[in-house]
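The numbers here are math on the coordinates, done by the rules we state, and not lab data. Please read these numbers as outputs of a predicted model, since none were measured by experiment.
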Amino acid sequence: MSHTCHAPGCTKLVPPHMLMCRNHWFALPPKIRSAIWREYRPGQESDKKPSLRYMAVQQLACAHSVFKPHDEKAVTEALPYLAEAVRYSKEAVKAGLGDPLEKLVPAEWPVPKGTP
């Protein structure tokens with residue numbers, strides 16, 4: 001089964017258990033890479049049942065891979081991923097799993113007030 005890098009616009013093939021190609025992965029801040037590994041469950045790529053917490057940090061990683069401060073096009077491209085990250089985070093909190101995005105969202109990102 002072929003699997004491509006999850007960074008928006010990237011078509012590089014990666015192993016199914018990997019989120020991104022090497023270039024995009026190492027462009028992420030270390031704390032986001034650590035959060036991905038912390039929330040990853042071996043086998044989730046096969047059973048297609050990642051946790052809410054994993055999906056929140058995965059979507060945040062995708063947003064981060066395209067976001068650039070002061071670049072309206074990049075902000076617009078990152079917003080849907082950020083919105084999904086926030087949605088999954090809220091679901092995780094509601095389920096009593098805690099906030100997976102705590103201390104991961106940069107202050108300069110356009111997250112609406114009242115969201116994690």
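Worth a mention:
- Net length available on complete extension from A83 to S46 is 10.8 nm, with 0.36 nm assigned per residue and the Cα-Cα distance removed.
- Chain lengthening between K31 and E72 when straightened (0.36 nm per residue, less Cα-Cα): 12.3 nm
- Short-range pairs are left out: with C-alpha atoms under 8 Å and at least six residues apart, the relative contact order of the chain is 20 percent.
- Counting all C-alpha pairs of the chain, share separated by more than 26 Å (%): 15 percent
- Tensor-based shape of region 14-72 (alpha-carbon gyration tensor, a/c under 1.5 rounded, otherwise prolate or oblate): prolate
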